[in-house]
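Q: Before I ask anything, here is the structure I am working with.
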Amino acid sequence: MLLPLIAWGQSLQLADSLFKKGRFYDERGKMRQSAFYYREAYHIYRQHQDTASWLKAGKEYASALVYRSKNEQAMELYKMLLRINHPANDVYTRGDLLNSMGWSSRRIGKLDQALSFYQKSLPLSLESGDSLLIGVVYNNIGSVYFHKGNYSKSLSLYRKSLPYSKSLDNLTSAAVTLSNIGSIYEELSLFDKALKNYKRSLIIRNQLNNATFLSAIYNKIAVAQGKLGNFNQSLIAYQKALEFSRKTGVPQSTAVTLNNIGLLYKDLGHYDRALEYYRQSLAITKETSGPSSIAVTTRNIAMVLWEQGKYEKASELYKRSLTLRKKIGNPYDIAFSLNDLIRMELKSGNYRQARQYAQELKAIGDSTNSNDILTDVYTWLGEIEKRQEHFKQALPYLKKAFDYSHSLSSTDQITPLKNLAKAYNQLHSDKAIVYGKKAVALIEENRSKAGAVSALKSGYFSRHSDFYIRLASWMLQYHQNEAEAFRFTELAKARSLSDQLAKASQNIEQHLPEEVRIKRNQMRRDLNKFYSTLDGTDDAEQRQAIKQKIRTAELQYAAYENDLYATYPVLKKLKLPDALSLERARALTDEETAVLEYAVTDKQLIMFLISQNEVRVEQFSIPGDQNLEAELSSRVSAFRNAILAHASETVLQRRSSKLYNVLIKPFEDDLQKYNNLLIVPDGALAYLPFEALMQGGRYLIENYSVKYVPSMTSLTLLDSFTPGEGKKL
């Protein structure tokens with residue numbers, strides 16, 4: 001039976017109304033409601049054979065299903081719509097449907113399938129001439145290549161999309177594309193280029209005046225500035241992100257931005273400001289989010305209080321965070337909190353409670369078969385024994401921690417190796433050197449990999465430098481090997497200098513052509529990807545295949561670097577040599593010059609006297625649990641303050657002697673043969689004016705010509721130095 005014309009009209013009006021309701025809920029992110037109304041409109045349009053409207057409603061219904069994670073159902077609908085033979089299903093509509101199918105595939109991680117749909121969509125989009133669709137498809141193809149790690153290809157496609165996004169109607173697409181381009185540059189550590197594109201995106205977003213849009217781009221700018229070490233600029237950008245997030249009416253966004261500002265202040269050591277922002281974030285999170293988010297921010301506050309020495313308050317919040325996480329039941333989050341609490345109880349000397357928490361952690365490790373967690377468990381159990389000076393009892397636990405770490409990445413094996421080496425030293429065993437050397441080998445290996453992740457390697461080595469000096473001390477203690485002790489000392493200084501020059505490296509690289517910078521960093525990323533894959537693979541055959549790929553990639557990268565050094569000589573200044581040998585260091589001096597090189601740890605000071613004709617090594621430590629590095633820092637500050645305050649000669653003499661007796665007096669007789677002193681300081685000693693130290697009523701500068709270098713290895717960086725020639729000081 002045919003419906004009367006009036007009933008037909010009323011049904012289509014109802015469908016139109018339902019479709020508008022679906023769009024209303026869609027624009028507000030309420031996808032369950034929008035899916036319902038789109039579906040109802042779709043069925044009415046289909047029943048009445050209004051094909052153009054049927055296609056339109058069907059596509060929106062399918063997209064709502066994707067948002068609700070019903071991808072299979074959505075894909076079936078997309079495919080059915082593609083098969084409709086009707087003039088309304090023109091090149092634009094089919095191109096749009098294929099683009100949506102690519103988007104659906106990408107959301108569930110099927111990148112190759114997504115790419116196939118996007119590539120089928122592109123010629124139809126170009127034929128349609130619709131600039132917005134063309135720009136979006138190019139952008140989406142670029143996004144797939146971005147997630148595949150092919151940044152050069154991704155960048156090319158993003159750039160292709162830009163000309164199609166210039167009209168006023170397409171400004172949103174242009175802003176997103178520029179932000180995507182910025183993200184590629186950031187991934188490649190080309191932060192200057194990243195910021196340039198983020199700022200171009202910001203200009204467009206200011207035109208659109210969308211608070212959500214503006215908050216997002218300011219957050220990106222803040223992160224990039226932070227990675228560059230421009231912390232003031234990062235804070236300014238975060239404050240703008242905060243301003244706009246508050247205008248969005250989405251409190252969760254405001255809470256995240258407040259938390260990020262708190263994190264930045266914490267990293268800068270401004271703990272009171274960090275607490276202020278964390279607490280604001282927590283207040284919002286308690287009102288708008290679940291226990292998981294509350295636990296994270298609560299823990300952040302606890303960490304700051306801990307840094308401030310407010311251990312009781314920190315303890316209370318760490319426990320509160322654990323309670324919240326236990327309510328949720330995620331074992332990995334619970335393990336995270338248990339680690340915090342064990343660290344806290346160790347600091348307080350509550351070994352019984354620390355062991356109890358460690359047993360809870362072990363239960364989680366056993367139930368999840370997590371070697372990562374079990375490595376932590378046995379590390380803590382060993383540390384509990386060490387803190388009580390039960391060194392023999394600690395050793396089996398630390399060995400077990402190292403055994404569990406074998407299945408983890410090489411980065412995660414470093415700490416268990418260092419702990420094992422320290423434990424053997426406490427047992428007065430030269431096995432400390434065996435495990436110490438293995439740890440250093442992994443540190444060096446992972447330092448080179450850090451270069452593949454980012455040109456800004458600053459900070460990687462700082463947490464390990466102390467261990468190199470410990471190893472140097474063990475070389476003297478167990479093997480009386482002055483040459484090896486010197487090598488590890490110089491290696492520590494050379495690596496620290498390399499970290500300090502990382503930012504200078506970034507500045508020099510900015511002068512290279514863009515295509516060179518992109519290719520260079522892409523090769524580094526690809527190499528790092530192989531390393532990451534190797535770390536996560538247990539199968540022997542697969543590991544061998546990956547190692548072969550690594551060797552090939554390393555050779556290709558080395559060849560490319562050599563070509564760059566030939567084409568751009570300025571890069572040679574960034575290539576630091578290997579640590580200098582003791583023999584080579586002696587050859588750099590002359591008969592009138594002696595080198596005094598110092599290496600400081602929290603417990604030990606190693607002092608080298610090096611000249612053409614002799615090498616002497618002395619060590620100094622202070623009794624008990626006192627921190628030697630802190631003590632030296634205190635003595636240096638006291639001496640400098642006395643000089644600045646024009647203190648009396650008696651005061652100067654007294655404060656000078658506390659340093660002179662440790663640093664110079666052990667070599668006093670030997671130094672009488674020389675006229676020149678080359679000082680290689682370390683730690684707080686870098687701030688000590690050695691020439692102002694008093695020697696027998698005279699200042700050191702009156703007896704010697706004093707010069708400073710950060711390391712003996714750094715002398716080989718001088719332009720006038722040629723390897724093989726005995727450059728004299």
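Q: Given the structure, is Arg279 closer than 15 Å to Arg299 by Cβ, part of a helix (DSSP H, G or I) and open to solvent by 70 Å² or more (accessible area, probe 1.4 Å)?
A: Yes: the conditions hold for Arg279.
Q: Also: For region 375-411, how many residues are open to solvent by less than 40 Å² (accessible area, probe 1.4 Å) and either over 16 Å from Arg343 (Cα atoms) or of a type in the set (Val, Ile, Thr) (or both)?
A: Final tally of qualifying residues: 13.
Q: Quickly run through region 656-669 and pick out the residues that are farther than 16 Å from Phe620 by Cβ and either open to solvent by less than 30 Å² (accessible area, probe 1.4 Å) or among the aliphatic types (A, V, I, L, M) (or both).
A: Of everything in region 656-669, just one residue is farther than 16 Å from Phe620 by Cβ and either open to solvent by less than 30 Å² (accessible area, probe 1.4 Å) or among the aliphatic types (A, V, I, L, M) (or both), namely Ser656.
Q: To continue, here is another question. Considering (1) surrounded by fewer than 20 Cβ atoms within 10 Å (Cβ to Cβ); (2) over 24 Å from Lys196 (Cβ atoms), say which one Val137 fails and leave the rest.
A: (1)
Q: Could you check region 637-680 and list, in sequence order, the residues that are within 16 Å of Val706 (Cα to Cα), in contact with a Lys or Arg (Cβ under 9 Å, 6 or more places away or on another chain) and of a type in the set (A, V, I, L, M)?
A: Leu677, Leu678, Ile679, Val680
Condition check ((1) among the hydrophobic types (A, V, I, L, M, F, W, C); (2) under 37 Å from the mean Cα position of the chain (by Cα)) across all residues:
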position: Ile84; (1), (2): yes, no
position: Pro87; (1), (2): no, no
position: Thr93; (1), (2): no, no
position: Arg106; (1), (2): no, yes
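Q: Within region 86-98, is there a residue that is over 30 Å from Phe36 (Cα atoms), outside any helix (DSSP H, G or I), open to solvent by 20 Å² or more (accessible area, probe 1.4 Å) and not β-branched (Val, Ile, Thr)? Outline the logic, then answer.
A: Just the residues of region 86-98 that are over 30 Å from Phe36 (Cα atoms), to begin with: none.
Looking through region 86-98, none of the residues is over 30 Å from Phe36 (Cα atoms), outside any helix (DSSP H, G or I), open to solvent by 20 Å² or more (accessible area, probe 1.4 Å) and not β-branched (Val, Ile, Thr).
Q: Looking at (1) in a loop (DSSP other than H, G, I, E, B); (2) open to solvent by 40 Å² or more (accessible area, probe 1.4 Å); (3) modelled with pLDDT under 90; (4) farther than 24 Å from Thr375 by Cα, which is the only condition Ser448 fails?
A: Evaluating Ser448 over (1) in a loop (DSSP other than H, G, I, E, B); (2) open to solvent by 40 Å² or more (accessible area, probe 1.4 Å); (3) modelled with pLDDT under 90; (4) farther than 24 Å from Thr375 by Cα leaves (1) as the failure.
Q: Right, here's the next one. Check Arg320 against each of (1) surrounded by 22 or more Cβ atoms within 10 Å (Cβ to Cβ); (2) closer than 21 Å to Asn259 by Cβ and name the one condition it does not meet.
A: Going through (1) surrounded by 22 or more Cβ atoms within 10 Å (Cβ to Cβ); (2) closer than 21 Å to Asn259 by Cβ one by one, Arg320 breaks only (1).
Q: Mind listing whichever residues of region 1-20 are open to solvent by 100 Å² or more (accessible area, probe 1.4 Å) and at pLDDT 90 or above?
A: Listed by number, the list holds a single entry, Lys20.
Q: If only one of Ala194, Ala216, Ala255, Ala274 is at pLDDT 90 or above and within 30 Å of Pro513 (Cβ to Cβ), which one is it?
A: That would be Ala194, the only listed residue that is at pLDDT 90 or above and within 30 Å of Pro513 (Cβ to Cβ).
Q: Are any residues in region 142-200 within 18 Å of Asn99 (Cβ to Cβ), among the aliphatic types (A, V, I, L, M) and surrounded by fewer than 20 Cβ atoms within 10 Å (Cβ to Cβ), and if so, which ones?
A: Correct list: Leu162 only.
Q: Name the residue, out of Ile294, Ile236, Ile284, Ile301, that is of a type in the set (A, V, I, L, M) and open to solvent by less than 20 Å² (accessible area, probe 1.4 Å).
A: It is Ile301.
Q: Can Tyr185 be described as free of Cβ contacts under 8 Å to residues at least 40 places away in the same chain, in contact with a Gly (Cβ under 7 Å, 6 or more places away or on another chain) and not polar (S, T, N, Q)?
A: no
Q: Further question on the same structure: Only one residue in Lys519, Lys503 is more than 18 Å from Thr713 (Cβ to Cβ), open to solvent by 40 Å² or more (accessible area, probe 1.4 Å), part of a helix (DSSP H, G or I) and modelled with pLDDT under 65. Which one?
A: On the way: Lys519 fails: modelled with pLDDT under 65.
Criteria check complete, one pass: Lys503.
Q: Just the residues that are at pLDDT below 95 and either among the hydroxyl-bearing types (Ser, Thr, Tyr) or surrounded by fewer than 19 Cβ atoms within 10 Å (Cβ to Cβ) (or both), please, taken from region 413-425.
A: Answer for region 413-425, where residues must be at pLDDT below 95 and either among the hydroxyl-bearing types (Ser, Thr, Tyr) or surrounded by fewer than 19 Cβ atoms within 10 Å (Cβ to Cβ) (or both): just Thr415.
Q: On the basis of being crowded, with 18+ Cβ neighbours inside 10 Å, under 29 Å from Lys196 (Cα atoms) and either out of contact with any Gly (no Cβ under 8 Å at 6 or more places or on another chain) or of a type in the set (Ser, Thr, Tyr) (or both), does Ala241 make the cut? Show your work before the answer.
A: On the way: crowded, with 18+ Cβ neighbours inside 10 Å: yes; under 29 Å from Lys196 (Cα atoms): yes; either out of contact with any Gly (no Cβ under 8 Å at 6 or more places or on another chain) or of a type in the set (Ser, Thr, Tyr) (or both): yes.
Spelling it out, Ala241 is indeed crowded, with 18+ Cβ neighbours inside 10 Å, under 29 Å from Lys196 (Cα atoms) and either out of contact with any Gly (no Cβ under 8 Å at 6 or more places or on another chain) or of a type in the set (Ser, Thr, Tyr) (or both).
Q: Contact list please: Cβ distance under 7 Å, first residue in region 55-78 and free of Cβ contacts under 8 Å to residues at least 24 places away in the same chain, second residue small (Gly, Ala, Ser) and open to solvent by less than 20 Å² (accessible area, probe 1.4 Å), pairs at least six apart or on different chains.
A: Leu77/Gly58; Leu77/Ala62
Q: Can you pull out the residues in region 597-610 that are at pLDDT 90 or above and either surrounded by 22 or more Cβ atoms within 10 Å (Cβ to Cβ) or under 36 Å from the mean Cα position of the chain (by Cα) (or both)?
A: Kept after step one, since they are at pLDDT 90 or above, are these residues of region 597-610: 597-600, 605-610.
Selection gives Glu597, Tyr598, Ala599, Val600, Leu605, Ile606, Met607, Phe608, Ile610.
Q: Go through region 621-636 and report how many residues are touching a residue at least 40 places away in the same chain (Cβ under 8 Å) and either out of contact with any Lys or Arg (no Cβ under 9 Å at 6 or more places or on another chain) or open to solvent by 90 Å² or more (accessible area, probe 1.4 Å) (or both).
A: Number satisfying all stated conditions: 3.
Q: Hey, any hits in region 558-576 for a residue that's outside any helix (DSSP H, G or I), under 30 Å from Ala594 (Cα atoms), open to solvent by less than 50 Å² (accessible area, probe 1.4 Å) and modelled with pLDDT of 70 or more?
A: No, region 558-576 contains no residue that is outside any helix (DSSP H, G or I), under 30 Å from Ala594 (Cα atoms), open to solvent by less than 50 Å² (accessible area, probe 1.4 Å) and modelled with pLDDT of 70 or more.
Q: Let me ask you something else. So which residues in region 681-706 are open to solvent by 40 Å² or more (accessible area, probe 1.4 Å) and either in contact with a Lys or Arg (Cβ under 6 Å, 6 or more places away or on another chain) or not in a loop (DSSP other than H, G, I, E, B) (or both)?
A: Once the filter is applied, which keeps residues that are open to solvent by 40 Å² or more (accessible area, probe 1.4 Å) and either in contact with a Lys or Arg (Cβ under 6 Å, 6 or more places away or on another chain) or not in a loop (DSSP other than H, G, I, E, B) (or both), region 681-706 yields Ala686, Tyr687, Glu691, Arg698, Tyr699, Ile701, Glu702, Asn703, Ser705.
Q: Going residue by residue through region 39-57, is there one that turns out to be surrounded by 15 or more Cβ atoms within 10 Å (Cβ to Cβ), within 46 Å of the chain's Cα centre (by Cα), farther than 23 Å from Leu124 by Cα and modelled with pLDDT of 90 or more? Explain how you work it out, then say what you get.
A: Step one: of region 39-57, the residues surrounded by 15 or more Cβ atoms within 10 Å (Cβ to Cβ) are 39-46, 48, 50-51, 53-57.
Retained after the next criterion (residues that are within 46 Å of the chain's Cα centre (by Cα)): 39, 56-57.
Pick out the ones that are also farther than 23 Å from Leu124 by Cα and you get 39.
Then drop every residue that is not modelled with pLDDT of 90 or more, which leaves 39.
The answer is yes, given that some residue of region 39-57 is surrounded by 15 or more Cβ atoms within 10 Å (Cβ to Cβ), within 46 Å of the chain's Cα centre (by Cα), farther than 23 Å from Leu124 by Cα and modelled with pLDDT of 90 or more.
Q: Give me the pairs, please: first residue somewhere in region 378-391 and without any contact (Cβ under 8 Å) to a residue 24 or more places away in the chain, second residue anywhere and open to solvent by 40 Å² or more (accessible area, probe 1.4 Å) and assigned to a helix (DSSP H, G or I), beta-carbon distance under 8 Å, and either six or more positions apart or on two chains.
A: Glu385/Phe391; Glu385/Gln393; Glu385/Tyr397
Q: State the number of residues belonging to region 288-308 that are outside any helix (DSSP H, G or I) and in contact with a Ser or Thr (Cβ under 8 Å, 6 or more places away or on another chain).
A: Here the count works out to 0.
Q: So which residues in region 341-374 are open to solvent by 40 Å² or more (accessible area, probe 1.4 Å) and of a type in the set (A, V, I, L, M)?
A: Ala363, the sole residue that qualifies.
The values are calculated or read from the model by the stated rules, or taken from the named source; none is laboratory data. Remember, predicted model here, so these are calculated numbers, not experimental data. Using ideal geometry, Cβ is built from the backbone for each residue, glycine included, and neighbour counts are taken over all protein chains shown. Just so you know, the surface numbers come from the protein's heavy atoms only, side chains and all, with ligands and any DNA or RNA stripped out. Shrake-Rupley method; radii C 1.70, N 1.55, O 1.52, S 1.80 Å.
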